[in-house]
Amino acid sequence: PGEGMQALQVDTKFFNGTMLVMNNEQCGKNGRGGVSLYDVSNPAKPVKLSEHFGDRANLSRGDANDTHSAFAWDTGDRAYVVTTDNFESGGADVDIL
C-alpha cells in the first residue's frame, strides 16, 4: 500500500458500513496491483470485499496495473474510487471505478 489508504462510511444498496480502500503498488516480481476493499465496520474482524481490481490496460502482466494512489467517496446511492497508475501515459492516467 502507498498513499491511497482510506477508511470511509459507505451507504449504498450493495454495502452499508465502514470500508477500507487500499491502493496496491507492486513491489518485486510477485507484487500485485490494483485496489483492494475491506469491510472494517468491526476493525477487529476485517472482511475482504475485493482484492487487486482495477485498470488492466497493461495486459502483458495479466494483473491490474500498479496503483499509485486511490481516493474514495460516497455520493449517497453510489460510491466511487478514483485511481492513478504508474503504467499509462507516463503516470498521468486516471481511472474512476
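The values are calculated or read from the model by the stated rules, or taken from the named source; none is laboratory data. What you see is a predicted model; the values in this text were computed from it and never measured. Cβ sites come from the backbone with ideal geometry, for glycine too, and all protein chains shown count toward neighbours.
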Given the criteria within 21 Å of W73 (Cβ to Cβ) and surrounded by 17 or more Cβ atoms within 10 Å (Cβ to Cβ), does G2 qualify?
no
Show the residue pairs that are 6+ apart or on different chains and have beta-carbon atoms under 9 Å apart, the first residue being within region 68-97 and farther than 21 Å from G31 by Cα, the second being modelled with pLDDT of 90 or more and acidic (D, E).
D74/D11; G76/D11; D77/D11; A79/D11; Y80/D74
With the requirement that a residue be in contact with a Gly (Cβ under 8 Å, 6 or more places away or on another chain), among the β-branched types (V, I, T) and over 12 Å from H68 (Cα atoms), what does region 13-39 give you?
V21
Given the criteria among the hydroxyl-bearing types (S, T, Y) and touching a Lys or Arg at 6+ places or on another chain (Cβ under 8 Å), does T18 qualify?
no
